[in-house]
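Attaching a single structure in structure tokens format; questions to follow.
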Amino acid sequence: MKHNYKIIALLFAAITAVYTSCHKLDVSQNNKSTVSKKEASVQIAQSLAGIFNPENGGFDFKNGLSIPSDFTMNKKGKIKIQSVNSTPQCGAKLDTTISFNLDISDTSKIDIWAKLNYELLCTGGIPSGLTTRDSAVVSAVTGDSKFVIKMGENLTLKSLNPGVVDAQYSFDGPVNYYAKVEYNKPTTAMPNIEGTFNYTFKSIIIDPKKDPDFITGGSATFASKGSIGKNVWNYKGTIKFLGGHKAQITIEGSVYTADLITGEVN
């Protein structure tokens with residue numbers, strides 16, 4: 001029986017709030033893959049869906065270039081750098097650490113540590129970009145399982161038309177993701193899962209006026225390794241963003257089309 005395991009879906013069903021990080025996760029190429037390229041592409045698509053969904057934590061790409069001003073679980077203040085009506089200070093920075101624990105029940109809890117760093121960039125006195133360099137570790141324990149997430153980004157974002165409200169912008173840089181799920185009694189249907197996903201994004205174009213199709217173009221390279229039970233994958237490849245919340249994933253000559261909202265792959 002063939003199973004379609006979805007790492008991101010499993011993790012975010014248990015963890016509803018995470019922050020981002022910039023840890024580089026080493027991926028060697030020594031292990032022979034026993035997970036097919038198609039199944040590995042599903043894990044890649046799921047990780048991309050998680051990265052670009054602001055409800056899963058991280059930078060809110062579809063809301064434009066902004067610096068968060070508070071970090072409650074359900075609210076973010078923003079300085080919109082495209083807006084001619086706002087008056088953000090050029091060179092404004094945010095550099096802070098967040099740490100908290102949440103006891104859900106006697107047997108379930110979540111621990112979060114995050115280091116957040118943002119800086120507003122200007123050109124000729126007009127806000128024109130943003131850098132975001134963050135790091136975090138998130139762990140969760142339930143009655144029958146343990147979860148660990150590390151997410152990362154080190155991005156430079158640039159407005160394509162500074163000073164114009166809701167202008168398109170581009171971003172470049174690495175985004176790295178690590179996830180591990182361990183069950184007290186793993187089964188064939190619910191195996192232990194571990195994966196790393198290292199991306200380098202290049203000239204990704206974002207249109208904040210389009211939702212959910214806010215990614216209109218760009219590319220990325222990736223290296224990913226992981227395990228599903230006793231089976232492993234270890235692949236490198238490329239991604240081309242097609243617009244229409246779709247991306248083309250190429251792994252060693254095999255090409256798949258991914259949905260960036262659902263994480264499904266054809």
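The values are calculated or read from the model by the stated rules, or taken from the named source; none is laboratory data. A quick note: this is a predicted structure, and the numbers were derived from the prediction, not measured. Note that each Cβ is placed from the backbone with ideal geometry, even for glycine, and that neighbours are counted across all protein chains shown. SASA here: full protein model, heavy atoms, side chains in, ligands and nucleic acids out. Shrake-Rupley method; radii C 1.70, N 1.55, O 1.52, S 1.80 Å.
So, of the residues in region 211-266 that are hydroxyl-bearing (Ser, Thr, Tyr) and closer than 18 Å to Ile193 by Cβ, which turns out to be least open to solvent (accessible area, probe 1.4 Å)? It would help to see each step written out before you state the result.
Residues of region 211-266 that are hydroxyl-bearing (Ser, Thr, Tyr), as a first pass: 216, 219, 221, 224, 227, 235, 238, 250, 254, 256-257, 262.
Filter again for closer than 18 Å to Ile193 by Cβ, leaving 224, 227, 235.
Details: Ser224: 2, Ser227: 27, Tyr235: 19 Å².
The residue in question is Ser224.
Could you list all residues from region 87-125 that are over 16 Å from Leu155 (Cα atoms), touching an Asp or Glu at 6+ places or on another chain (Cβ under 8 Å), in contact (Cβ under 8 Å) with a residue 24 or more places away in the chain and in a strand (DSSP E or B)?
Lys109, Ala114
Considering only region 130-154, state which residues are buried (at least 21 other Cβ atoms within 10 Å of the Cβ), within 14 Å of the chain's Cα centre (by Cα) and aliphatic (A, V, I, L, M).
Within region 130-154, Ala136, Val138, Ile149, Met151 qualify.
Every residue in region 71-129 that is at pLDDT 80 or above, of a type in the set (S, T, N, Q) and either open to solvent by 30 Å² or more (accessible area, probe 1.4 Å) or on the phi > 0 side of the Ramachandran plot (or both), please.
Matches in region 71-129: Thr96, Thr97, Ser99, Asn101, Ser105, Thr107, Asn117, Thr123.
Based on this model, can you work out whether Gly129 counts as in a strand (DSSP E or B) and more than 30 Å from Val181 (Cα to Cα)?
Working: in a strand (DSSP E or B): yes; more than 30 Å from Val181 (Cα to Cα): yes.
Yes, satisfied.
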